[in-house]
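Student: I have a structure I would like to understand better, so I am pasting it below and will then ask my questions one at a time.
Just so it is clear, none of the values below were taken in a lab; they were calculated from the coordinates. The model shown is predicted, which means the values in this text are computed figures rather than measured ones. Reconstructed Cβ throughout: ideal geometry from the backbone, glycine too, with neighbour counts over all protein chains shown.
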Amino acid sequence: MSEINTGGGGGKHDGGKVRSKKASTRVDMTPMVDLGFLLITFFILATTLSKPSSMTLNVPDKTKTEETEPIKASNVMTIFLGKDNKAHYIFGKAANEEPEVKTVGYGYEFRQALQENARKVGGEKFVVVIKPTKESTYKNMVDVLDEMAITKLKRYALVDVLTPDEKKLLKEKVKLDA
Amino acid sequence: MPAVKVKRASSSVDMTAMCDVAFLLLTFFILTAQFRSQDAAAIETPSSISGIKVPDNDIMTIGLGRDGKVYFGIDNAQNRIAMLDNMAAAKGLSFSNNEKKEFSLMSNFGLPINQLKSFLNLPKEQQAKVKQPGIPTDSTGAAPTNELKEWVYNARKANNNLRIALKGDNLAKFPEFKNVLATLQAQNINKFNLITGTEAPPAGWKAD
């Protein structure tokens, strides 16, 4: 009476004999489209983010020597960039007064130390002197300058000459050739 | 007895068209992504929280590789040819038109000037294989062997508005950086941009 229409993908009723099940020839495209859109989104975002940013660095003019008032050692924190991504610093005393040399890695500890010392001195009087050594890398220097930007310290200087007192202080910690 | 045979509409949508569009868009974005021209050496820069973007034009890039080698490049192809002409005139060398054209396609290079001519005559695959030894510099910034200062001078002669960007590798040691700084300071250049990667500032930090 009524015909049973089995539709596409079904099998042929072969009169009760061998039923050959034909595999469905239709592929579900949904996952492929998903992947396609994921890749597009990735490329859209990746190409805009890869623009490098730049950090400004101003150095004083070597030819002009300005007379500035001498800075009190109690307001100065001197950071020496050592090897293996370690920084050594002294605070509050000049190198010949036997200050305590502390060693930190870069990152949170370093920032804490900076801010603590800045608070001790207070406001505009705090000065940071950054002295890279032969063992330090470019990355160390950029990281320290970045920390200056993060902690919003405006008075800092990049000097690469070490005084003899400082050399003595650092002798064990950093290998300083002549 | 079946009354009305409800014709069921096919509930599966043909996804082929959507898939085609997706791949077209993907291809478009891959192709329009700017191709970075062959850098003389891979330089991995440190990251900083600075939000200032590197300008796209009128820029002189001094690269400092991991091993201390110095690379130099400027952005505009015409300016490169002009700079090469100035340099050649200063040194008493001459470059053929072909060599100049080759040079104008290089975004940066790190060769002493006496090796430059032979390098430009090599085919492209060989050029990629050569390990460039870097541009000679020195610690005072003004010695006669310091070729970086001449490139900087001639580049600025070709284009007065050039801004200087320093691209240093993470592991480059400080003494080599100091040499580059000394070379620039000897020419009275005291303001630079250091090219860094982008890094998110710490939580709760607001710019001044």
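Student: Determine the principal axes of the Cα atoms in segment B:94-135, then give the extent along each, sorted from largest to smallest and rounded to whole angstroms.
Tutor: 24, 21, 17
Student: Using amide H atoms built in the peptide plane, which far-off residues or other-chain residues are under 5 Å from B:Lys167 H to H?
Tutor: B:Ile62, B:Gly63, B:Leu64, B:Ile195
Student: Compute a Gaussian network model of chain B, connecting alpha carbons closer than 10 Å, and tell me which residue from B:Phe103, B:Phe192, B:Phe23 fluctuates the most.
Tutor: B:Phe23
Student: What does the convex hull of the Cα atoms come to per residue for segment A:73-170, in Å³?
Tutor: Dividing the Cα hull volume of segment A:73-170 by its residue count gives 85 Å³.
Student: Ratio of Rg to Rh for segment B:60-133, alpha carbon only, Kirkwood?
Tutor: 0.94
Student: Between A:Ser24 and A:Lys168, what is 0.36 nm times their sequence separation minus the Cα-Cα distance? Round to one decimal in nm.
Tutor: Here the answer is 43.6 nm.
Student: Starting from 0.36 nm per residue, how many nanometres of slack lie between B:Ser139 and B:Lys117 once their C-alpha separation is accounted for?
Tutor: Once the chain is fully extended between B:Ser139 and B:Lys117, it gains 5.3 nm.
Student: May I pose another question? Considering only DSSP beta bridges whose two residues both sit in chain B, what percent are antiparallel, to the nearest 5?
Tutor: Antiparallel bridges make up about 40 percent of those DSSP assigns within chain B.
Student: Shifting gears a bit: Looking at chain B as a GNM with Cα springs under 10 Å, which of B:Val152, B:Val21, B:Val130 has the largest mean-square fluctuation?
Tutor: Looking only at B:Val152, B:Val21, B:Val130, the biggest GNM fluctuation is shown by B:Val21.
Student: If N is the number of residues in chain B, what value comes out of its Cα radius of gyration divided by 2.2 N^0.38 Å?
Tutor: Compared with the compact-globule rule of thumb, chain B sits at 1.52.
Student: List A:Lys102, B:Lys157 from most exposed to least, where exposure is judged by having the fewest other Cβ atoms within 10 Å.
Tutor: The most exposed by this proxy come first: A:Lys102, B:Lys157.
Student: Give me the distance in nm between label points sitting 7 Å out from Cα along the Cα-to-Cβ direction at A:Leu57 and B:Ser94, one decimal.
Tutor: 4.1
Student: Another question about this same structure. So, in nm, how far is label B:Ile30 from label B:Asp56 when the simple model puts each one 7 Å beyond its Cα toward the Cβ?
Tutor: 2.4
Student: Suppose every K and R has +1 on its Cβ and every D and E has -1 on its Cβ; what is the size of the dipole of segment A:73-170 about the Cα centre, in Debye to the nearest 20?
Tutor: It works out to roughly 180 debye.
Student: If you don't mind, there's one more thing I want to ask. Expressed as cubic angstrom per residue, what is the convex hull volume of the alpha carbon set of segment B:101-169?
Tutor: 121
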